[in-house]
Structures are given as structure tokens and as C-alpha cells.
Amino acid sequence: MKRIMQLEQAPRGAAPAPRPPGFALWALGFRPFYLLASAFAALSIALWALQSTGLLPHPYLPGPLWHAHEMVFGFTLAVVVGFLFTAGRNWAGQDTPSGAGLMALAALWFTARVLLLTPWAWAAAVANVAFPLLSAWALFQALRRGKNQRNYFFAALLVVMALGAGLVHAERLGFSPLPGWAGIQVALDVVLFMMAVMGGRVIPMFTNNGVPGVKAVRHPRVEQGALGTLLALLAADALGLSGVVVFAIAAAAALLHGARLLLWQPLLTRRVPLVWALHAAYLWIPLHLALRAATALDLLPSTFATHALTVGAIGGLTIAMMTRTARGHTGRALRADRFDVACYALVLAAGAVRVGLPLLWPALYVHALWCSAALWSAGFGLYAVRYWSALTRARLDGKAG
């Protein structure tokens with residue numbers, strides 16, 4: 001009887017729908033790296049919050065520099081590599097690492113996280129520098145085979161990330177004339193530039209495609225100015241400039257990125273979570289730049305600008321893109337469900353609490369740290385649990401990737 005009912009429900013003459021094969025974690029870059037990044041983000045921040053408030057019996061990391069290192073070269077770089085391997089395959093029409101090669105890169109990333117907790121400083125340095133270099137080479141090879149020169153600069157930016165990691169480890173090893181924080185700052189500038197480039201490419205497109213009646217536009221002069229000021233800020237930080245120069249660059253960048261966002265009509269996206277999450281996260285970029293300008297004149301401590309970028313912009317944009325690309329590249333509907341919306345709300349709230357609460361009420365700094373860490377870990381932990389099945393199993397539509 002059950003068999004008859006199945007036949008009656010199926011269209012006449014249609015072949016049975018193929019059942020997708022099972023395990024597919026190593027099919028495409030976003031799968032392992034989104035899963036590793038989200039799980040690591042939840043665990044690492046929880047441990048750091050416990051350490052910072054004295055509730056962890058044995059320190060997880062040696063200090064703030066290494067907390068920053070792990071969130072930039074651990075969490076953020078994993079998301080960036082996963083995204084670039086996935087997008088790079090589309091850009092070039094060529095394969096990016098999969099199978100054993102992708103597994104080896106993921107193992108290198110994981111090994112780098114473990115080695116940092118050991119006394120083997122040289123091994124940790126080699127692993128943490130090698131990961132972005134090998135990822136850059138793999139991306140470049142795919143782009144070269146596909147003659148996609150337009151995106152070569154992404155591979156170059158991964159090389160700059162490797163240099164930033166090298167500066168941090170060189171200080172630990174005792175032979176660098178530059179402080180490790182210089183490497184962190186340059187790496188953050190690189191990530192900021194990457195987010196601005198990709199945001200400009202996809203947010204207006206996703207807005208126009210996903211929200212009927214909205215006409216998000218890209219103004220050439222605004223685009224050039226917005227990206228140009230970020231490159232100027234990267235150059236200023238690489239040269240060790242400060243004061244009025246950095247203030248002028250950051251202030252101009254804040255205005256241009258604010259204007260850029262307004263041209264994308266963010267207020268009209270509020271009914272489509274998969275789109276408004278991107279706009280809400282991008283808003284943190286002009287906020288970060290405005291705080292960076294204030295920091296340059298010693299009006300505010302640098303922690304406010306740093307966490308506006310790391311928790312607000314990086315956290316918000318990564319969770320928004322991780323849900324969207326995971327859905328699109330696993331054959332699922334491009335529509336955020338209540339779990340996705342919860343992830344967006346938790347991570348964006350983590351940024352608001354981490355920056356806004358101590359800015360308005362400095363006495364509540366410890367409470368802000370605790371609350372923000374809990375929100376962040378809950379948001380990325382929920383993503384890891386929710387998307388485990390999607391990231392480890394083959395596409396629903398039977399396509400490769």
C-alpha cells in the first residue's frame with residue numbers, strides 16, 4: 001500500500017529522484033572551514049572570557065596579543081579561505097582544493113591552533129604562516145588556470161596576512177624590531193578591505209535580487225573613494241603613521257562608507273533577514289572607521305574601534321555570509337529561517353554590547369565582556385550545530401560542491 005501511494009504521488013514518467021551521496025565535508029572549501037571557524041569562534045571566545053575574568057584556573061592564551069592572533073589568524077582567516085575557495089571556483093571556472101588537498105589544509109589550520117598552546121614556538125610560527133601562504137597559492141593556481149586576473153589581488157592579500165602572522169610570531173621568537181600588534185593591525189586592515197570589496201560586489205546585488213522594488217546602486221566615485229581610503233589606511237598602518245594623518249583618512253573613509261551603505265537602501269530590506277543581516281553588519285564598518293578616527297586623536301581607547309571591527313563588522317558579515325553561502329552551495333532555499341535570524345541577532349548584539357555598553361558606562365566593562373562573549377559564543381555555536389548536517393552532507397540538488 002505504501003509503495004502504491006508513493007507511485008501515485010510521483011509524476012508519471014518521472015525517474016525516481018536520485019539520493020545524494022552521504023559525506024561531503026571535503027567537497028568544497030566552505031564546508032570544513034565554516035564548520036571549523038564557527039566551532040572555534042564559540043569555544044575560543046568562551047575560554048578567553050573565562051580567562052579574562054579570572055575564572056579559568058589555567059590560562060588559555062598568554063595574553064591579549066594572542067587572543068587577537070587567534071581571532072584574526074584562526075577564526076577570521078578560516079572563514080576567508082573557505083569563502084575564497086568557494087567563490088574562486090565560480091570566478092575562474094576551475095577547481096579549488098577539495099578531497100585530500102582540502103583535508104590537508106584544514107589539518108594545517110587545526111595544527112596551528114594546537115601548536116600555539118604548546119612551548120614549540122617555532123613550529124607554531126611555521127604552521128600559522130604556512131596556512132595563508134599555501135591557501136594563497138592554491139587560490140592563485142585556480143585563478144591563473146581560469147585566466148581570472150581580476151581577482152589575483154585576493155591571493156596577494158592572503159600573502160600579506162601571512163606577513164602579519166609572521167610579525168606576531170617574530171616578536172614571540174625575539175628577533176623582530178616591530179611589535180606584534182603591528183602584524184595584527186595590518187591583518188585587520190586587509191580583512192577590512194576584503195570585506196569592503198566583497199560587500200560592494202554582493203550586497204547591492206543580493207538586495208536587488210532579494211527585495212522587490214529596491215534599487216541599490218553603486219556610485220563609481222563613492223566606490224573608488226571608499227576602497228581607496230581603506231588602502232590609504234592600510235598603507236598608513238604599515239608605515240606606522242598616527243595622529244592627524246590617520247584621523248583624516250579614517251574620517252574620510254567613515255563618511256564614504258556611510259554614503260555607500262545609504263546608496264544600497266538598507267532601510268528597505270528589513271523584511272528580508274538574509275539581506276538585512278548584511279546591511280546591519282556593514283553598518284559596523286563606518287562605525288569602526290569613525291571610532292578609529294577618534295582613537296587617532298586620543299579621544300577614545302583603541303579597544304572600541306578594534307571591537308567594532310572584529311565583533312561587529314567581521315562577526316556580523318561572516319555569520320551573514322556563512323548562512324547565505326552555505327544555503328546556496330548546498331542546494332537549500334535562499335531564505336533565512338528562525339535559527340539563522342537568531343544567529344544574526346546574537347552576533348550583532350554581541351558587537352553592540354561589547355562596544356556600546358563600556359562606551360556609555362565604563363564601570364560595566366566586565367559585565368559587557370561577559371555578556372558579549374556569551375552572545376557571540378551562542379550565535380556561532382548555534383550555527384555550528386544547525387549547519388553541521390548541511391556542511392557535511394552532499395547538496396540536496398545532486399550537484400557537485
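Readers should treat all values here as calculations from the given coordinates under stated rules, not as data from a laboratory. In this text, all values refer to a predicted model and were calculated from it rather than measured experimentally. Counting neighbours? That spans all protein chains shown, and the Cβs are built from the backbone with ideal geometry, glycine included.
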Long-range amide H contacts for Ala336: which residues qualify at under 5 Å (H placed 1.01 Å from N, peptide plane, sequence gap of 5 or more or a different chain)?
-> Leu274
Ordered by packing density, taken as the mean number of other Cβ atoms within 10 Å over each peptide's residues, highest first, how do 60-66, 173-179 rank?
-> 60-66, 173-179
For the stretch 112-142 the chymotrypsin sites (Phe, Trp or Tyr not before Pro) that pass both the DSSP coil test and the at-most-13 other-Cβ-within-10 Å test are Trp120
Hey, if you put +1 on the Cβ of every Lys and Arg and -1 on every Asp and Glu Cβ in the stretch 255-401, which of Leu255, Gly379, Gly398 ends up farthest toward the positive end of that dipole?
-> Gly398
Sorted by chain and then number, the residues having a modelled amide H within less than 5 Å of the amide H of Arg393, at least 5 places away or on another chain, are Ala24
Sequence-distant residues sharing a close amide H with Leu56 (under 5 Å, placed H) = Gln51
Can you give me the Cα centroid spacing of the stretch 344-358 and the stretch 84-126 in angstrom?
-> 30
Tilt relative to the chain, helix 99-115 - C-alpha long axis, 0 to 90 degrees, to 10 = 30
Here the FRET efficiency for Leu239 versus Arg218, based on Cβ atoms and R0 = 45 Å and rounded to 0.05, is 0.90
So what J values fall out for the stretch 258-263 if you push phi through Karplus, 6.51 cos²θ - 1.76 cosθ + 1.60 with θ = phi - 60°, rounded to Hz, Gly and Pro as x?
-> x, 5, 4, 5, 4, 5
Debye-sum result for the stretch 306-392 in log10 I(q)/I(0), which assumes one identical scatterer on each alpha carbon, at q = 0.14 Å⁻¹ | -0.49
Contact order relative to length for the stretch 131-264, counting C-alpha pairs under 8 Å separated by 6 or more residues, stands in percent at 19
What number comes out for the charge environment of Leu102, summing +1 per Lys or Arg and -1 per Asp or Glu over other residues with Cβ under 12 Å away?
-> +1
Let me have the relative contact order for the chain, percent, based on Cα pairs under 8 Å that are six or more residues apart.
-> 18
Could you state the angle between the C-alpha long axis of helix 121-145 and the longest principal axis of the C-alpha atoms of the chain, as a value from 0 to 90 degrees rounded to the nearest 10?
-> 50
Over the stretch 61-105, equivalent-ellipsoid semi-axes from the Cα gyration tensor in Å = 28, 12, 5
Could you calculate, for the stretch 263-357, the ratio of the Cα radius of gyration to the Kirkwood radius, expressed as Rg to Rh?
-> 1.05
Relative contact order, percent, of the stretch 283-398 when contacts are C-alpha pairs under 8 Å separated by at least 6 residues?
-> 27
Net charge (Lys, Arg +1; Asp, Glu -1) of residues whose beta-carbon lies under 15 Å from that of Pro212, Pro212 excluded, is +4
Would you list Leu300, Leu28 from fewest to most Cβ contacts within 10 Å?
-> Leu300, Leu28
Neighbour-count ranking for Cys343, Cys371 (other C-beta within 10 angstrom, fewest to most) reads Cys371, Cys343
222 nm [θ] for the chain, helices only, -39500 (n - 2.57) per DSSP H run of 4+, per residue, to 500?
-> -23500 deg cm²/dmol
To the nearest 0.05, how large is the calculated FRET efficiency for Leu263 and Trp120 if R₀ is 41 Å and r is the Cβ-Cβ distance?
-> 0.25
Cα convex hull of the stretch 356-401: mean projected area in nm², to one decimal?
-> 4.5
Could you tell me which of rounded, prolate or oblate describes the stretch 241-289, using a ≥ b ≥ c as the square roots of the eigenvalues of the alpha-carbon gyration tensor, with rounded for a/c under 1.5 and, failing that, prolate when a/b is larger than b/c and oblate otherwise?
-> prolate
Diffing the stretch 333-349: the Karplus 3J(HN,Hα) column from phi (6.51, -1.76, 1.60, θ = phi - 60°), in whole Hz with x for Gly and Pro, holds 5, 7, 8, 6, 9, 5, 6, 4, 4, 4, 4, 4, 5, 5, 6, 5, 5
With no solvent and one point on each alpha carbon, what is the Debye value of log10 I(q)/I(0) for the chain at q = 0.09, 0.10 Å⁻¹?
-> -0.54, -0.66
Among Leu43, Pro362, Ala196, the residue whose Cα sits farthest towards the positive end of the charge dipole of the chain (+1 at Cβ of Lys and Arg, -1 at Cβ of Asp and Glu, taken about the Cα centre) is Ala196
Derived scalar couplings ³J(HN,Hα) [the stretch 358-372; Karplus, 6.51 cos²θ - 1.76 cosθ + 1.60; whole Hz; x for Gly, Pro] | x, 5, 8, 9, x, 5, 9, 4, 5, 5, 5, 4, 4, 5, 5
Exposed-site-free run, longest, the chain (rule: trypsin sites (Lys or Arg not before Pro); DSSP loop; at most 16 other C-beta within 10 Å) = 13-146
So what's the angle, to the nearest 10 degrees on a 0 to 90 scale, between helix 77-92 and the longest Cα principal axis of the chain?
-> 50
Please label the shape of the stretch 97-203 as rounded, prolate or oblate, based on the square roots a ≥ b ≥ c of the eigenvalues of the alpha-carbon gyration tensor (a/c under 1.5 means rounded; beyond that, a/b larger than b/c means prolate, else oblate).
-> oblate
